[in-house]
Amino acid sequence: MQYPEPIAKLIDSYMKLPGIGEKSATRLAFFTIDMQADDVTEFAKALVSAKRDLHFCSVCGNITEEDPCEICRDKSRDQSTVLVVEDPKDVMSMEDMKEYHGLYHVLQGVLSPMEGKGPEDLNISSLLKRLQTNQAIKEVIVATNATPEGEATAMYLSRLIKPAGIKVTRLAHGLSVGSDIEYADQMTLFKAVEGRTEM
Ligand SMILES: [Zn+2]
């Protein structure tokens, strides 16, 4: 027996989410049908708005409603340091720590030959352009994750940036190998930034 089309479509939509198989998708679809109509409308609006109203900051590559983003517009932040992360979630983790007051650059991933991801697929040229045009930047902290791809990306960036006379540092290995910044607790993250070493 087939489900009526509206619920079959909803199940198909939930199955597009990561880690959601047919069983979970079916459970979520039936849960949605039982929700209050207002809550379902809010949920649908939030989905559409997240996609429609968020953009990438033209300066740092972070997600933002306004371009440039809040952090890039904030002149009270330390303009001499740029912390390079893999994705917007890492910016959130760093900001939650409340100990870093410089700027960011979001790569939108890491170099990964396995996945066919090269330098041109990441926000690297915009970083180099930023460093060339903004003389105030004195240090780039590479905070890619402690994975083989993260390390390779850090090395690649270091080789590109150091010849310009800009200091390049890497987070201390308080973060265990293979660990994600996203999941590090705030103290670990603080120690990793504090103990950063020059590349
Ligand atoms: Zn920005």
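Rule-based calculations on the coordinates, nothing more; no lab input. Keep in mind that what you see is a predicted model, and the values were worked out from it rather than measured. Please note: Cβ atoms are built from the backbone with ideal geometry, for glycine as well, and neighbour counts cover all protein chains shown.
Quick notes
- This model, with +1 at the C-beta of Lys and Arg and -1 at the C-beta of Asp and Glu, gives the stretch 95-199 a dipole about its Cα centre of some 560 debye.
- Placed amide H near Ile141: partners under 5 Å, 5+ positions off or other chain: Val82, Leu83, Val84, Thr169
- Computed from backbone phi with θ = phi - 60° and the Karplus coefficients 6.51, -1.76 and 1.60, the 3J(HN,Hα) list for the stretch 182-187 is 3, 9, 6, 6, 5, 5 Hz; x is used for glycine and proline.
- Karplus-derived 3J(HN,Hα) values for the stretch 81-98, using 6.51 cos²θ - 1.76 cosθ + 1.60 with θ = phi - 60°, are 10, 10, 9, 9, 10, 6, 8, x, 5, 5, 4, 4, 4, 5, 5, 4, 5, 6 Hz; glycine and proline are entered as x.
- In terms of overall dimensions, the C-alpha atoms belonging to the stretch 5-53 reach 30, 23, 18 Å along their principal axes, ordered largest to smallest.
- Normalised convex hull volume, the chain, alpha-carbon set, Å³ per residue: 162
- Taking all Cα pairs closer than 8 Å and separated by 6 or more residues, the relative contact order of the stretch 60-198 comes to 24 percent.
- Loop-located GluC sites (Glu not before Pro) in the stretch 19-81 whose Cβ has at most 16 other Cβ within 10 Å (DSSP): Glu65, Glu66
- Karplus-derived HN-Hα couplings along the stretch 6-16 (A = 6.51, B = -1.76, C = 1.60, θ = phi - 60°), whole Hz, x at Gly and Pro: x, 7, 4, 5, 5, 4, 4, 5, 4, 5, 6
- In this label model, Glu115 and Lys129 are separated by 2.4 nm, measuring between points 7 Å along each Cα→Cβ vector.
- Rounded Å value of the spacing that divides the Cα centres of the stretch 90-116 and the stretch 25-89: 15
- Other residues with beta-carbon under 13 Å from the beta-carbon of Ala136 carry, at +1 per Lys or Arg and -1 per Asp or Glu, a net charge of +2.
- In a fully extended conformation the segment linking Ala50 and Asp12 would gain 11.7 nm over its present Cα-Cα distance, using 0.36 nm per residue.
- Listed residues Gly19, Gly61, Gly118, most fluctuating in the chain (Gaussian network, C-alpha, under 10 Å): Gly19
- DSSP beta bridges fully contained in the chain are about 30 percent antiparallel.
- When the chain is treated as a GNM with alpha-carbon contacts under 10 Å, the residue of Thr169, Thr81, Thr32 showing the greatest mean-square fluctuation is Thr32.
- The GNM of the chain, with springs linking C-alpha atoms under 10 angstrom apart, assigns the highest mean-square fluctuation among Ala184, Ala44, Ala154 to Ala44.
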